[in-house]
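Asker: One structure follows; several queries about it will come next.
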Amino acid sequence: MREKIEFNLDALEKLCRLNCTFEEIAAYFNVSTKTIQRRYNEEPDFQKAIDSGRANGKLSLRRLQFKAAEDGNPSTLIWLGKQLLGQTDKQEIDNYNHND
């Protein structure tokens, strides 16, 4: 039987804040992707580190996007308007015939 590999869960969480894939995590820890997948499925603390890291990474990105919008970045303002407010680029065309 193989010796169980110990993972630094703080390092794992930090990698996941950057949204690293299982392949990238495996490369960092010098293990197989199957090992990462298995540990994720079988060990609650391992899964928690990955899920927490990814969630915190998304929060950081969202915070930066809102900061960019607050600073007046037009692209970010438009994108957030579309994502959060349902705004679109489509134009409403009035089919009313003005010659009647």
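This table checks each residue for (1) under 22 Å from Ile5 (Cα atoms); (2) of a type in the set (Phe, Trp, Tyr); (3) open to solvent by 80 Å² or more (accessible area, probe 1.4 Å); (4) touching a Lys or Arg at 6+ places or on another chain (Cβ under 7 Å).
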{"site": "Thr21", "(1), (2), (3), (4)": "yes, no, no, no"}
{"site": "Glu42", "(1), (2), (3), (4)": "yes, no, yes, no"}
{"site": "Lys48", "(1), (2), (3), (4)": "yes, no, yes, no"}
{"site": "Leu59", "(1), (2), (3), (4)": "no, no, yes, no"}
{"site": "Ala69", "(1), (2), (3), (4)": "no, no, no, no"}
{"site": "Asn73", "(1), (2), (3), (4)": "no, no, no, no"}
{"site": "Gly86", "(1), (2), (3), (4)": "no, no, no, no"}
{"site": "Gln91", "(1), (2), (3), (4)": "no, no, yes, no"}
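Asker: Taking the criterion of being charged (D, E, K, R) and at pLDDT below 95, would at least one residue in region 6-13 satisfy it? Walk me through it before giving the result.
Answerer: In the first step, residues of region 6-13 are kept if they are charged (D, E, K, R); the result is 6, 10, 13.
Keeping just the survivors that are at pLDDT below 95 gives 6.
Yes.
Asker: Here's something else I'd like to know. Report those helices (runs of 4 or more DSSP H) wholly inside region 4-100 carrying at least 1 residues which are in contact (Cβ under 8 Å) with a residue 40 or more places away in the chain and within 19 Å of the chain's Cα centre (by Cα). I'd like the intermediate steps shown before the answer.
Answerer: Values: elements: 9-17, 22-29, 33-42, 44-70, 74-85.
Once the helices (runs of 4 or more DSSP H) in region 4-100 are filtered for at least 1 residues that are in contact (Cβ under 8 Å) with a residue 40 or more places away in the chain and within 19 Å of the chain's Cα centre (by Cα), what remains is 9-17, 44-70.
The values are calculated or read from the model by the stated rules, or taken from the named source; none is laboratory data. Keep in mind that what you see is a predicted model, and the values were worked out from it rather than measured. Every residue, glycine as well, gets a Cβ built from its backbone with ideal geometry; the counts of neighbours run over all protein chains shown. SASA here: full protein model, heavy atoms, side chains in, ligands and nucleic acids out. Shrake-Rupley method; radii C 1.70, N 1.55, O 1.52, S 1.80 Å.
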